[in-house]
Amino acid sequence: GTTRQWEAIEIGEGNEKLLSANLTGVLATSGTCGDNARWELSEDYTTLTISGTGAVTSHPWANAARVVETIIVEEGITSLCDGAFYDFEIVTEVRLPETLTAIGASSFRNNCALPALVLPAGLTKLGDNAFTWCSSLKSMVIPEGITAIPEHLLSYCEALESVEMSENVTAIGASAFI
């Protein structure tokens, strides 16, 4: 957990040693996630912001999955690595930049509270399972630059009512919309 979560715990009588406990495994709040990309958690740990330029090649914020509600990827970021936001179950808002051209496999898998997501117009690649188990997602507009719908793209998205895609789509992978 976080330092703030630890400090919010009411410690009962007879547990005084816990008041001076040395915390280990405390959640990191910022760092690098690519050659020119950085990440940072807000002071209350509910917003994750990715900034810089180029590719996001790692996801060192994974331990924050149970506290982050909003993900902001700023202009300049061009791609998200596989599993970038896998299991961020309470996220309700994601903002993606127009500079984003690729979303890796399972990047938003199991973001079950996410009701909507606007994909950038310049997107040209979506990885397998990118939005699998986004069970609150109601609709998706797939940009014109996507010519192949990957396997399991929107599998198990139980609230999904509509998907719009262009005539540029020439292939749909297995179980893309089950």
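The values are calculated or read from the model by the stated rules, or taken from the named source; none is laboratory data. Everything numeric in this text was worked out from a predicted model, so none of it was measured. So basically every Cβ, Gly included, is an ideal-geometry build from the backbone, and we count neighbours across all protein chains shown. Heads up: the accessible areas ignore ligands, DNA and RNA and are worked out on the full protein's heavy atoms, side chains in. Shrake-Rupley method; radii C 1.70, N 1.55, O 1.52, S 1.80 Å.
For the reader, a short list of remarks on this structure follows.
- Take the Cα of THR70, step 7 Å toward its Cβ, do the same at ALA121, and the gap between the two points is 2.5 nm.
- Apportionment of accessible area to carbon and sulfur, the chain, percent (1.4 Å): 48
- At an R0 of 22 angstrom, the distance between the Cβ atoms of ILE178 and VAL141 translates into a FRET efficiency of 0.65.
- For the chain, the mean residue ellipticity at 222 nm estimated from helices alone is -500 deg cm²/dmol, where every DSSP H run of n ≥ 4 contributes -39500 (n - 2.57) and the total is divided by all residues, rounded to the nearest 500.
- The listed residues GLU151, GLU161 rank as GLU161, GLU151 when sorted by accessible area, largest first, using a 1.4 Å probe.
- DSSP beta bridge pairing in region 21-87, given as percent antiparallel to the nearest 5: 55
- When mean projected area of the Cα convex hull in nm² is computed from the coordinates, the matching label among (i) 11.7; (ii) 8.6; (iii) 11.1 is (iii).
- Computed over protein heavy atoms with a 1.4 Å probe, the accessible surface of the chain works out to 52 Å² per residue.
- Residue-wise HN-Hα coupling along region 77-86, computed from phi with Karplus coefficients 6.51, -1.76, 1.60 (Hz; x: Gly, Pro): 6, 10, 8, 10, 5, 4, x, 3, 10, 4
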